[in-house]
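Each value in this text was obtained by applying a stated rule to the coordinates, not by laboratory testing. Only a predicted model underlies this, so the values are computations on that prediction, with no experimental measurement involved. When we count neighbours, we look across all protein chains shown, and the Cβ atoms used for this are built from the backbone with ideal geometry, even at glycine.
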Amino acid sequence: MSEKNTLSPENIVRRMSDKMKNESQIDNEVFDIGEIEEFLNGIKKRDEEIIKFLIQTKHPADIADIIEFLDEEDALFLFRRFDVELQRKVFVEFTNEEQAEFVELLDLHEISQVLEQLESDDIAYLFSELDKNTREILLNTINKEDSDRIRSQLTFKENTAGRLMNLDFAWIRSSENARNAIRSLRKAARETDDLYVIYVLDEDGKLAGMVTLKDLLIANSNSRVSKFIQPVQSIHYDTDQEEVALFFKKYHFLSAPVIDDDNRMIGRITMDDVLDIVEEEATEDIYRMGGVSEDESLASGIVGSVKKRILWLVMNLGIAMITTSVVSFYEDTIQRLVILASLMPIVAGMGGNAGTQAITIMVRGFATGELNEMNWFTVIRRELAIGFINGILVGSITVLVTYLVRHDIQIASVMGMAMMFNLLIAGLVGSSVPLILKYFKIDPAIGSSIFVTASTDMFGFFCFLGLATLLL
């Protein structure tokens, strides 16, 4: 909502249409341009018929998209026209920035109504984005039971299963019979939006397993739950969110229990939470590989973006200055053979590209769990082999092209050999640097590219100019 006031109605319609087309993976569009314009004008004119039609026919996610392109006054007006349940559904579809804005705009009574309808994981996620004072004020506006539960959840580390989990879940006792278990579920259904699986706890609250709703319904009403219980994999509350995503990928769960140190079930994580993790982690890795803060977006202010990028650019400048020292060492060779100055960036650039390819494979391997302490050496050998083969192939092409252009077999041969050696080094460095960073508990996506590019540039210049000094 930060830049709405600067956009004309026509631009709002165009940008909103483009946004929805980009997000949609199906042929049928949620809105057409005429409908978007009708909704925006209707909200601006406070047309009750149009607003009622919007509320009754559109999904909360689509309504959230419309609110994103309204100014604060219109956004608040529309939001206040919703009942509490729709407010909750729309609120959870907002981005972090939009949720924070609404918290600032709504009065405490309105906020408390929305918060009391939200699931605990959504509240914990929102509160993690707010300052401590605002958080305390909001916690004091909701009932004490919910407030205590949220305070407890906020004690877990950020980006762990404890922060992601929903504290509400359906459960039954292993000692119950099927009839009583179904009665318990009817009560739980009032507090739990979905019943993917039903968890079974023993008398001490420890996780004993799970049952499906089908098994429970077809079981003899006097049969004890313990007779048709199924084993279930659980997640410890301190598990990192990346590992949580890998857990769901491996076991294909729609919902998974979260346990404490004593195997007591304290919450559950659902697939929609995992989808958010996957998007967040993928975005974070892409941003970090490019030296951009994960907090930055297209709507971020110019000054803020400059502050977040400048440090990375200065680091790259420092590395580039170090790289030039290798070139200056061979000034006499370059003065004698000026043609080398035009060819050496090709060797360094190709090494950087090959190194980036290796980094990408390694970072993805960490993210998907394919790369671990059991197979890291095999992966490095593989990247070395790929670098060697690519070096021979690209080096041979380089020899041929350089000779056709320069008509000098010696320069062409030096160029080819330097290319082959640099691609081999690129494979080695590109695969080993992420592993080294991971060993020191540094995210490989953060610094891999800068180290690999620096290594391939320096070695490329050293190899090309060194061979030229020896052979030409």
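Rounded to the nearest Hz, the phi-derived 3J(HN,Hα) couplings of segment 354-366 under the Karplus curve 6.51 cos²θ - 1.76 cosθ + 1.60 (θ = phi - 60°) are 5, x, 5, 4, 5, 4, 4, 5, 5, 4, 5, x, 5, where x marks glycine and proline.
Here the residues 321, 420, 415, ranked from fewest to most Cβ neighbours within 10 Å of their Cβ, fall in the order 321, 420, 415.
If contacts are Cα pairs under 8 angstrom and at least 6 residues apart, what is the relative contact order of the chain in percent? For the chain, the relative contact order is 10 percent.
Considering only C-alpha atoms, what is the centroid distance from segment 227-244 to segment 372-425, in Å? Centre-to-centre distance over Cα atoms comes out at 47 Å. Inter-label distance, residue 48 to residue 272: 3.1 nm, where each label sits 7 Å from its Cα along the C-beta direction.
Computed over segment 63-138, relative contact order equals 31 percent, with contacts defined as Cα pairs under 8 Å that lie 6+ residues apart.
Dividing the mean sequence gap of close Cα pairs (under 8 Å, 6+ apart) by how many residues segment 171-285 holds gives a relative contact order of 24 percent. Dipole magnitude for the chain: computed about the Cα centre from +1 point charges on Lys and Arg Cβ and -1 point charges on Asp and Glu Cβ, it is near 1780 debye. Computed over neighbours whose Cβ is under 15 Å from that of residue 373, the net charge equals 0, Lys and Arg +1, Asp and Glu -1.
Taking the inverse of the mean 1/r over every pair of distinct Cα atoms in the chain gives a Kirkwood hydrodynamic radius of 27.0 Å. The trypsin sites (Lys or Arg not before Pro) of segment 127-158 that meet both conditions, a loop assignment by DSSP and at most 14 other Cβ atoms within 10 Å of the site Cβ, are 157. When its C-alpha radius of gyration is set against 2.2 N^0.38 Å (N residues), segment 141-220 gives a value of 1.27. Working ranking of peptides 88-99, 352-363 by packing, defined as the average number of other Cβ atoms within 10 Å per residue, highest first, is 352-363, 88-99. In this simple spin-label model, placing a label point 7 Å from the Cα along the Cα-to-Cβ direction at both residue 368 and residue 263 gives a separation of 3.4 nm. The tail of the calculated P(r) for segment 171-285, taken as Cα-Cα distances beyond 18 Å, holds 53 percent of the pairs.
With the convex hull constructed from alpha-carbon coordinates only, segment 317-463 shows a mean projected area of 9.0 nm² over all directions. Each other residue within a Cβ distance under 9 Å of residue 201 adds +1 if Lys or Arg and -1 if Asp or Glu, for a net charge of 0.
For the chain, DSSP calls about 75 percent of its internal beta bridges antiparallel. Here the calculated FRET efficiency for residue 311 and residue 175, from their Cβ-Cβ distance with R0 = 60 Å, stands at 0.50, rounded to the nearest 0.05.
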